[in-house]
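Report on the following structure.
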Amino acid sequence: MAAHSDHVKHHNRICVPGEHLGLESEYHTGPGTYRRNGSIYASLAGHLCSRTEVETELPALTVLQQEIQITVPRQKSLVTCKVVSITSKFCRCDILSVESVPLTETFRGMIRKEDIRATEKDKVEVYKSFRPGDIVLARVLSLGDAQSYLLTTAENELGVVLAKSEAGVPMVPTSWCEMTCPKTHDKQLRKVAKVQPHYIAYAS
Amino acid sequence: MLTSRSFVKKTRKGGVMKVVREHYLRDDIWCGSAACTKCPIDKPVLEKEPVPEVENTLCSYPHYLLLDTNVVLHQVDILEDKAIKNVILLQTVQKEVKHRSLPSYKRIRDLIANETKRFYVFTNEHHRDTYIEIEPKESPNDFNDRAIRKSLAWYDEHFKDTPIKIVLLTNDIDNREKARNEGRVAYTVNEYVKAMEGRPELMDRLAQIETKERERKANDSDITAPGGRNVLYPEHLSSYEINAGIKQGRYKKGTFKASRENFREGYVSVQGMEKMVFIKGLANQNRAVQGDIVAVEMFAESQWTAPSTVIAEDKGSKEDVLDEDTDNSHIGPKKGAVPTCRIVGIIQRNWRPFCGVIMPAAVKGGTKHLFMAAERLIPKIRIETQQYETLAGNRIIVSIDSWPRDSRYPLGHFVRNLGAIGDKDTENEVLLLEHDVPHLPFSEAVLSFLPKLPWTITKEDETVREDLRHVDICSVDPPGCTDIDDALHYKPLENGNAEVGVHIADVSHFIKPGNALDTEACSRGTTVYLVDRRIDMVPDLLSSNLCSLRGGVERFAFSTLWEMTPEAEIVNVRFTKSIIKSRAAYTYEQAQNKIDDKSQNDALAIGLRGLLKMAKILKQKRTDNGALTLASSEIRFSMDSETHDPIEVERKVMRETNSMVEEFMLLANVSVAQRIRQEFPQSACLRRHPVPPLSNFEPIIKVALTRGFELQVDSGKALADSLDKANIPSIPFFNQLLRMMTTRCMTQALYFSSGMLPEDEYLHFGLASPIYTHFTSPIRRYSDVIVHRMLAVAISADACFPELLDKAKIQEICDNLNYRHRMAQYAGRASVDLHTQVGMYSSLPV
Amino acid sequence: MAGLELLSDEGFRLDGRRPSELRKIRLRLGVFDQADGSAYIEQGNTKALATVYGPHEVLGGKGKPLHDKVIINCQYSMATFSTNERKNRPQGDRKSTEMSLHLQRTFEATIQTHLYPRSQIDIFVQILQADGGNYCACVNAATLAIINAGIPMKDYVCACSSGYVNNTPLTDVSYLEESQGGPVVTVAMLPKSEQIALFKMDNRLHVDHLEQVLEVASKGCKDMYAVMNAAVKEHVSRMAKSMECS
């Protein structure tokens, strides 16, 4: 998303919460701003910039803070997480970042067996898809129960992006369901993501 | 606008509590002078060209005066003269004066409020350039002196481009010298006043402290010095030693009371001791004056003595000997010896201005005179005056300034000439002063808080007040009464009950808490009635006009409205602020006539009859509860309307209407007391009448027994009943006499704050009411003003303020009221006595 | 009347301020690295420290996560050494629970709670030194800490107290002035929109004077806002510079 931000214009202006930024007829609200009575106000303290994504649309006003942005996972957002444990029914993981925003604190997520892939759901085995320590790209399915977010990897682009072999080196994907260790040539089964560059632009 | 540096001030109080407070220093405090071009002031206090009223040979140039604390403390009499103008008063000085002497502080505040005096208060402790910090080991006194000099220097610097000079007036030689060394102009008050052309009489009004101090410094010795005089009295201990001594139990704290019989003897009522402690000899009294709070040292039992049986008056024969009769050479305790002590130090002086007469000087034409106070318990006072001829034969006022160890008598200075002895005004004045009745005309500051005339009722007033102008209200008072504070009405209701209303002048509407008017009224406490004069608690405009519920005019009132059954049972009670229009102001006699005149049947006549009927039932109920009917010998003078001389004396006649009004006032008071007690459980201002101890009744029981009557004194009811029975038909006066005597046995009724006592002590014994207060005479009693405020808060008609909730503060006010009340009674009685005597004297055949 | 003269006839308060002046304010944003946001404020001798954590997952058995907004959890406490007497103050006594609740209400009114469903924001405020206006200092410190944490809110919340003495309203009352027993009105408001987030009153005040007192309090809030605003802007630009340098 951040990758094809086209025209970012820095206003060189510091604004504080409650500050009037512009009219709704001239701008969209971006992160760090909110709308009230037809006007746009800042909700964060930071630098103001406007961003035009599509030529025809109005520019979005954003207040950028120099420090970390804050966000929480919401439905359908793309999250990066780390597998913590697996059982035969599901795999637990910590959500590390939402979209392009890294979280300061992890949120708990869960990928159920039936949500691992889109086809042949009944043949899925959790241990053949994920192992603890894997970095997984997933999408928030629903906010789940009180305990954790329900995640899914049932898309081609989703799944393991980074896994280490027993030798401690990152493995290389060899097919959509297999990875190989470059050192030991050991082969392991994974639900591998067909990595899209813009999905992992931030993951580095 | 504010450039403040934050300072931290540490103070220690009590144990080891550390208090940190902020102290802001500012640069926007101005000098207050019209001559100054640097300070942007809109209303300068000090004149641009300070030309003194009186030419001064010492300072012939234009100048402002800057006062030291001791000058303000001791020489207010001089400062009040119109010759002194353009004065800079420092905050430091003001603070110290307030701390050391509240009366002086009040007087100085009045001076500041008086615009023609041009007194400017400079807040030096918050000024960036004049703030100083206390140095280690510096005494508070030195610190203050230094602060004064610092401000002096600032002012000097500030005015260096103008012809105006700043003159420091101080009585502290040390401070004067220091200021002079710093290149400032400084004089003592004596020097300054002496140099005033054409006002030599001002010298008399100077306090005597400085001269004595200088003399003593010259002698510089505690024992006999060559050329000096004998040291007559032992030294007083310092306050530090006294405090330490009291803590250790070596000394005791008490109030000194001179003996009425013998000037050499006195008593000290020590805290926590039932009996007064005896003091014999002037040296042991050690310069204590009636009423001073002193520290005493108890003697061992072997040294106790008995009060002498001789009546001795101070003839003042020998000036330099104290106790010539050395008959206390006996050894071992005398017969009838009582605990005896000696005074080691004075904790607080109770000096006030005294009235009296001047005595001729020992040397003819000399300037040193003795002054004899009207109050016998006050020692003679030595004063210095040039104007003996004018003062002789007059009543004068003198203040005590000091009492050095080498002086047989205290030193004082002349304050005021009241007038010739025997003159009516003069004697009244003496009477007022002696009873400590504040009777000076109201100061400018006080008057400034009066409403502006013409006073009208505004729309706003009408919205917040209940309109009772349509109700037929009337007032019933003694003849000639101009401060009418209560009015009544009675209205039959359709359900057979009746609405009864008591309407009290709404004084608290005009007196807002905390302003000068309020403070003054609070300190006066009560209106004092003398035979030919009335000393108002509040200015005349309020007492006789705006607050007085006169007939036919619209006035603000605080109304209490009851619905009552024909049996005088209260169905409900309601309080409200209202606007009323009294239909008529009756005298007791007029009201009585109206009731009795069967031909009159207008609303007022019906109302009065209804009220009277109710009142009788109420009275009966009260008496059944054990309320006492006591008698006092009240007499009235008929006055000549022109000269205000009493023409004849008559005893007060009690009419039914008197007790009718009284009955409803009592009812209102009780209702209000219950209400404010509910609202202010901790700080309601109530009135109690403690049950007198049985021992009080002993004399009267004996008297009654001689006539064969047994008085029951164990309860109010029993007493009332047995008093009723004690009747000798042949001597109709006997019962009244008994009642008068019973009055004497009673304890004093007192105001108090409800939080200070347990509930069962709220009792009003005389009225047999479990709770009581004063609500009905706010024009002449301050207690009622407080009660009004409380009630107003209770019905959410007015704002509450912290003082109302502070039980200690209310108690403090109550204590003052009790004192003023007592003094007013004494003064009233003394006035009656005076006039009776004058009347008898003049009616004697010559 | 005897006792302390809170306002001299010359128009100065005990500490030398005029009736409408605030105490000296000193503040700092970001005093702790550990927390997500923190701030320290001094209003005269009242010193408060606020830290903000979150938004994070709802932890502990305390509250259930709300599906549409964030839970704001406030905790107010006073340091043992904050008053004249050293005093152990148990957590969760009545006074601090009440204060916590007040704070929570105040900030629920201004934080954009709908942005972070199913999560929680913790605001901890501690009074390090108490000298009157504790609540105000807490609100102001917490506002700064929230800004520091980058949690979006509609507006600042500024709080200021005012008292009423001798027919004159006083701004920002100190402990000494508070303890005289007069009425004290505490107002927390959003200075830009002039909405009142919290209104608290101790002791009685006549309704006729309320407007006056309220006006003074809101004036105080706006003065407070000016100071805080300047500090925040300064902080943001300084952060920006240090980012550029690194």
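The values are calculated or read from the model by the stated rules, or taken from the named source; none is laboratory data. None of these values were measured; they are calculated from a predicted model. No Cβ is skipped: glycine too gets one built from the backbone with ideal geometry, and neighbour counts run over all protein chains shown.
Below are the figures for this structure:
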item: For residue B:701: the one exception among (1) modelled with pLDDT under 80; (2) over 26 Å from residue B:770 (Cβ atoms); result: (1)
item: Considering residues of the stretch C:178-192 that are in a loop (DSSP other than H, G, I, E, B) and small (Gly, Ala, Ser) only, the residue farthest from the other protein chains (Cβ to nearest Cβ); result: C:179
item: One residue from B:150, B:137 being at pLDDT 90 or above and basic (Lys, Arg); result: B:150
item: Residue that is modelled with the highest pLDDT [pool: residues in the stretch C:72-90 that are within 14 Å of another protein chain (Cβ to nearest Cβ), surrounded by fewer than 17 Cβ atoms within 10 Å (Cβ to Cβ) and under 20 Å from the mean Cα position of the chain (by Cα)]; result: C:81
item: Given (1) touching an Asp or Glu at 6+ places or on another chain (Cβ under 9 Å); (2) under 20 Å from residue B:103 (Cα atoms), number of the condition residue B:509 does not satisfy; result: (2)
item: Considering residues of the stretch B:731-753 that are of a type in the set (S, T, N, Q) and either free of Cβ contacts under 8 Å to residues at least 24 places away in the same chain or touching a Cys at 6+ places or on another chain (Cβ under 8 Å) (or both) only, the residue surrounded by the most Cβ atoms within 10 Å (Cβ to Cβ); result: B:753
item: Subset of the stretch A:17-33 that is in a strand (DSSP E or B) and buried (at least 20 other Cβ atoms within 10 Å of the Cβ) - its residue that is nearest to the other protein chains (Cβ to nearest Cβ); result: A:33
item: One residue from B:56, B:86 being buried (at least 19 other Cβ atoms within 10 Å of the Cβ), farther than 30 Å from residue C:175 by Cβ and modelled with pLDDT of 85 or more; result: B:86
item: Matching residues, the stretch B:22-55, being of a type in the set (Ser, Thr, Tyr) and over 30 Å from residue C:129 (Cα atoms); result: B:33, B:37
item: Count of the stretch B:264-303 residues which are acidic (Asp, Glu) and outside any loop (DSSP other than H, G, I, E, B); result: 3
item: Residues of the stretch C:99-130 that turn out to be touching a Ser or Thr at 6+ places or on another chain (Cβ under 7 Å) and surrounded by fewer than 24 Cβ atoms within 10 Å (Cβ to Cβ), as a count; result: 6
item: Subset of the stretch C:11-26 (residues that are touching a residue at least 40 places away in the same chain (Cβ under 8 Å) and assigned to a strand (DSSP E or B)); result: C:13, C:25
item: Evaluation of residue B:795 against (1) touching a strand residue (DSSP E or B) at 6+ places or on another chain (Cβ under 7 Å); (2) within 30 Å of residue B:430 (Cα to Cα); (3) of a type outside the set (Lys, Arg) (one fails), failing number; result: (2)
item: Within the stretch B:792-834, tally of residues that are crowded, with 20+ Cβ neighbours inside 10 Å and either touching a Cys at 6+ places or on another chain (Cβ under 8 Å) or of a type in the set (Ser, Thr, Tyr) (or both); result: 5
item: Residue list for the stretch B:591-603, restricted to those being surrounded by 16 or more Cβ atoms within 10 Å (Cβ to Cβ) and either of a type in the set (Gly, Ala, Ser) or out of contact with any helix residue (DSSP H, G or I) (no Cβ under 7 Å at 6 or more places or on another chain) (or both); result: B:591
item: Residue, nearest to residue C:142 (Cα to Cα), within the stretch C:223-246, restricted to residues that are within 14 Å of the chain's Cα centre (by Cα) and within 12 Å of chain A (Cβ to nearest Cβ); result: C:228
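Each row is one residue, and each column tells you yes or no for (1) modelled with pLDDT under 90; (2) closer than 24 Å to residue B:41 by Cβ; (3) crowded, with 19+ Cβ neighbours inside 10 Å; (4) not polar (S, T, N, Q).
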| position | (1), (2), (3), (4) |
| --- | --- |
| B:118 | yes, yes, yes, yes |
| B:142 | yes, no, no, yes |
| B:160 | yes, yes, no, yes |
| B:171 | yes, no, yes, no |
| B:175 | yes, no, yes, no |
